[in-house]
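Peer 1: Below you'll find the structure I mean.
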Amino acid sequence: MIYLSAPVDSDFTKALPKIEVHAHLSGSISRQCLHEIWKRKKQNDPNFPIEDPLVLMPPGKVDYTLQTFFQVFSKLIYQLCDDLESLRYATNSVLESFLNDGVRYLELRTIPRASPASNITRERYLNTILDTIAQFHSKDKMSVFLILALDRGNTTPAEAMEIIDLAIANKARGVVGVDLCGNPTKGDVTIYRDAFARAKANGLGITLHFAESPASGDVKELEALLSFQPDRLGHVIHVPEDVKREIAKRRIGLELCMSCNVHAKLIEGGFLDHHFGEWRGQECPIALCTDDVGFFCSPVSNEYLLAAEHFGVDRAEMLGMCEKSVDMIFGGEQEKKRLREIILRFKDEL
């Protein structure tokens, strides 16, 4: 086991069989991919009004605040990916990137968006993504599933039910869960209680963006979200001590996104101040995740490298984290068995 005591380096974290369960499809599209989509649209229509993504999102820029982050989505990404060809191209590019980073199990999440101007219904949007996943060339290496998300700032209760029904109808095609995301400074989460109850009753996994900003760290909101009986929570930043104790007691899976939280200034301070250091000693399983790698430019392998650099996580602890995070996935018992075998093989080969 000499290799277990060797220092953690980028070769190790890339080879590590990783699980990614908090990755937004639209936020995971690389700048180069967005540029290629933009170039095609510009060639087809010289008057296409959107500026080149490489100008709007310069290479190396990662300091997106909550406000600028959501502005880029509305002014750029949604307008570039508003046709099925672009959606297919972007989805394939995202899948390829995660595969090349050593991810062996991926749950992408997306808000099923209708684009009336492009004659795209929620159903067509979802079918396009599911078809692209089904046709992906390396499904034997990386299993891919989908989580449908509700946008807390924009989704009405009626629309929420529509999205839950879409998720239920497409379980056999790889939709495994539902999420509540969007701008954490907007919306009343309690209006989605019935939608999440329906999702739960129909066997869908529930993951929730939780205490992402001070505005969404209100105790009443957090108690309401916990009443939805979530299987996993994302971010868990601005959490009062009594709520932390409840999370630990329930052993809820945590999706922690260090680079996003630091660069977007969702936490005070730098990587050493990240709450990963607090949660790593608790009973809750932890998955290190990217959130929006297209913005924050830190693939999953780098998130594990950051854990080693700033928190002294060694190879043995890293493997233990990966093993524990298997229980967090929504993909079912067969997938859990497959992942445990992959991790065991990886350990044997060290």
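Peer 1: Could you list all residues from the range 112-151 that are under 14 Å from the mean Cα position of the chain (by Cα) and small (G, A, S)?
Peer 2: A149
Peer 1: Follow-up question, since we're still on this one. Residues that are part of a helix (DSSP H, G or I), at pLDDT 95 or above, of a type outside the set (A, V, I, L, M) and within 19 Å of the chain's Cα centre (by Cα): does the range 103-111 have at least one?
Peer 2: The answer is no, given that none of the residues of the range 103-111 is part of a helix (DSSP H, G or I), at pLDDT 95 or above, of a type outside the set (A, V, I, L, M) and within 19 Å of the chain's Cα centre (by Cα).
Peer 1: When you scan the range 153-172, how many residues do you find that are surrounded by 21 or more Cβ atoms within 10 Å (Cβ to Cβ) and outside any helix (DSSP H, G or I)?
Peer 2: 1
Peer 1: Would you pick out the residues in the range 315-341 that are among the basic types (K, R), closer than 21 Å to V8 by Cα and without any contact (Cβ under 8 Å) to a residue 12 or more places away in the chain?
Peer 2: Listed by number, the list is empty, since nothing qualifies.
Peer 1: Could you check, for the range 295-318, whether at least one of its residues is closer than 30 Å to K200 by Cα and touching a Pro at 6+ places or on another chain (Cβ under 9 Å)?
Peer 2: Checking the range 295-318: not a single residue is closer than 30 Å to K200 by Cα and touching a Pro at 6+ places or on another chain (Cβ under 9 Å).
Peer 1: Here's a follow-up. Looking at this structure, is D179 under 25 Å from D327 (Cα atoms), buried (at least 21 other Cβ atoms within 10 Å of the Cβ) and of a type in the set (D, E, K, R)? So that I can check it myself, show each step before the final result.
Peer 2: Numbers: under 25 Å from D327 (Cα atoms): yes; buried (at least 21 other Cβ atoms within 10 Å of the Cβ): yes; of a type in the set (D, E, K, R): yes.
So D179 passes the test.
Peer 1: Determine which member of the set N100, N92 is at pLDDT 90 or above, out of contact with any helix residue (DSSP H, G or I) (no Cβ under 7 Å at 6 or more places or on another chain), of a type in the set (S, T, N, Q) and surrounded by fewer than 17 Cβ atoms within 10 Å (Cβ to Cβ).
Peer 2: That would be N100, the only listed residue that is at pLDDT 90 or above, out of contact with any helix residue (DSSP H, G or I) (no Cβ under 7 Å at 6 or more places or on another chain), of a type in the set (S, T, N, Q) and surrounded by fewer than 17 Cβ atoms within 10 Å (Cβ to Cβ).
Peer 1: A further question follows. Inside the range 170-191, can you point out the residues that are in contact with a helix residue (DSSP H, G or I) (Cβ under 9 Å, 6 or more places away or on another chain) and at pLDDT 95 or above?
Peer 2: Selection gives N170, R173, G174, V175, V176, G177, V178, L180, D188, V189, T190, I191.
Peer 1: What number of residues within the range 199-228 satisfy the criterion of being exposed (fewer than 14 other Cβ atoms within 10 Å of the Cβ) and within 21 Å of the chain's Cα centre (by Cα)?
Peer 2: 2
Each row is one residue, and each column tells you yes or no for (1) assigned to a helix (DSSP H, G or I); (2) hydroxyl-bearing (S, T, Y); (3) within 27 Å of P184 (Cβ to Cβ); (4) in contact with a Cys (Cβ under 7 Å, 6 or more places away or on another chain).
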position	(1), (2), (3), (4)
A117	yes, no, no, no
L126	yes, no, yes, no
I129	yes, no, yes, no
I133	yes, no, no, no
H137	no, no, no, no
D140	no, no, no, no
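Peer 1: Is it the case that some residue within the range 80-99 is over 24 Å from E323 (Cα atoms), touching a strand residue (DSSP E or B) at 6+ places or on another chain (Cβ under 7 Å) and acidic (D, E)?
Peer 2: yes
Peer 1: Could you list, in sequence order, the residues of the range 270-292 that are out of contact with any Leu (no Cβ under 7 Å at 6 or more places or on another chain), modelled with pLDDT of 95 or more and more than 20 Å from I329 (Cα to Cα)?
Peer 2: G270, L272, D273, H274, H275, G277, E278
Peer 1: Turning to a different aspect of this structure: For the range 231-251, check the following and say yes or no: at least one residue is touching a helix residue (DSSP H, G or I) at 6+ places or on another chain (Cβ under 8 Å) and at positive phi.
Peer 2: Yes, that holds for at least one residue.
The values are calculated or read from the model by the stated rules, or taken from the named source; none is laboratory data. Since this is a predicted model, take the numbers as computed values, not measurements. Reconstructed Cβ throughout: ideal geometry from the backbone, glycine too, with neighbour counts over all protein chains shown.
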